[in-house]
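Below is one structure, written out as structure tokens, with a few remarks after it.
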Ligand SMILES: *[C@@H]1O[C@H](CO)[C@@H](O)[C@H](O)[C@H]1NC(C)=O
């Protein structure tokens, strides 16, 4: 069941310049991190010896064992050291990033990165956490390479059993509902609710891939549309409320969306479009940002917002529905958005990008509309809630029947269509089930109003919320450590198999590894982002950007030269 895949057509090919560059960076990071750990060890050791001498000299209070005191003493010490390391550095030298008078400097030579390369002890100590994150991130990617590009791990094949898929999903939901329910103060469609929503959709989406469950294809399309809807909804709410259009925040988001995928592309020699969710969300996030950040002073006027939303519809119509325009705009960016499945070579390299982005081209605008209407809807629901019992029941009955009727009509006339016909009308109909899913949360909101006032509390499944936070990492990671593609640009049609012959046990083991790694990728990406992309110091942002570009340039030259040298030696 899990064996018997012919392995002769798997070939990673010789190392590319990008892979060599990443390897070089990884080795450098390991070396620097080890220096930092060693310095830290030496320093806390020296401190400990000092304290030790101190305690021995001082009288030990009666009734307290010496051991415990030492324990407390050293714990405090370690904290003090790391606090100092993270903070100001040694009193003799100015703190990192500032000159002698304490003003921030933007000189390259004063950056922590440069000083680490120069093996400056204070810089190494203060960058220890970031270095550790870089090494951890690199190690996970190295594992991706080993699992997905070498012969070490034999891939298994997929088999679909509806029973198994449903069993896993229902058991997980039972556990999530039984053991991870969280009570929290909530508003309609609050972040906890959307994260939980993302979480259970992601689980079904991943199981669909794992078991190749073709029969739920149409439902999966709706889930993907729901993520894009949330991109519109969440980002519109955020920018509308905070008017935080700073470049710092913008680049932080770009980092979050693209850092991991960039390194996956380099290390595994893949196209950006293999992970089509990333370019799609990046583009639509930029479009939501653009809609609100252009002429921001008009955002206060409702009419202007409607005008902007209208402009978004028009833009999408021109740039997607007129296929010629789409192709001429994107052809120069073929290196970024082109894709060919190695199993089906030839054909239109732009097709994947056009197809994927077209499916959900309008739904983010609907997300913006929902976010904009949100306070009004909430008020309306509260008004319904305040009606006298008779009218309230009637109004709700009408609303719920309407929902059910439309939902059923959609199911009957749209959902049941075969894949190709379904895809044709998906862009114009996906808002219906999404409104329905949001409607379930509306019911939750009613429930909260009815039963739990005045605390205004509601429940959500923490487990799904926890999974919902890392949808991006589980989406990207699945290609290389849960499923396997086994060749550059390949679709993940195999399974990572560590226990051949035991499909269910194997599923449990590889899933545990996969989910833990996804969380670590999320955490390390975020740590590195905090170390590199400042939220509100644009000059520092520019400096760091230029430095990263320089480092990338040097690394690329190194990789290129190594590859050329290898070729010459082979001749
Ligand atoms: C904006 O959209 C991106 C992509 O879906 C998402 O990761 C991010 O959390 C959104 N931002 C907000 C504030 O909701």
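Values computed for the structure shown
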| read-out | value |
| --- | --- |
| Count - residues of the range 324-344 that are assigned to a helix (DSSP H, G or I), surrounded by 16 or more Cβ atoms within 10 Å (Cβ to Cβ) and in contact (Cβ under 8 Å) with a residue 40 or more places away in the chain | 1 |
| Set 238, 289, 275: member being under 30 Å from residue 149 (Cβ atoms) and either touching a helix residue (DSSP H, G or I) at 6+ places or on another chain (Cβ under 7 Å) or within 13 Å of the ligand (Cβ to nearest atom) (or both) | 275 |
| Condition check for residue 261: part of a helix (DSSP H, G or I) and over 12 Å from the mean Cα position of the chain (by Cα) | no |
| Scope the range 376-392; condition modelled with pLDDT of 85 or more, part of a helix (DSSP H, G or I) and more than 20 Å from residue 302 (Cβ to Cβ); matching residues | 390, 391 |
| Residue in the range 243-257 that is at positive phi, touching a residue at least 24 places away in the same chain (Cβ under 8 Å) and either assigned by TED's automatic domain parsing to the domain that holds residue 435 or within 16 Å of the ligand (Cβ to nearest atom) (or both) present | yes |
| Qualifying residue in the range 137-152 (condition: part of a helix (DSSP H, G or I), at pLDDT below 90 and exposed (fewer than 15 other Cβ atoms within 10 Å of the Cβ)) | no |
| Lone unmet requirement of (1) crowded, with 19+ Cβ neighbours inside 10 Å; (2) part of a helix (DSSP H, G or I) for residue 283 | (1) |
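Every residue, every condition in (1) modelled with pLDDT of 90 or more; (2) under 28 Å from residue 530 (Cα atoms); (3) away from the ligand (no atom under 16 Å from the Cβ), yes or no:
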site	(1), (2), (3)
177	no, no, yes
185	no, no, yes
190	no, yes, no
213	yes, no, yes
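The values are calculated or read from the model by the stated rules, or taken from the named source; none is laboratory data. The model shown is predicted, which means the values in this text are computed figures rather than measured ones. Here Cβ is always computed from backbone atoms with ideal geometry, including for glycine, and neighbour counts include all displayed protein chains.
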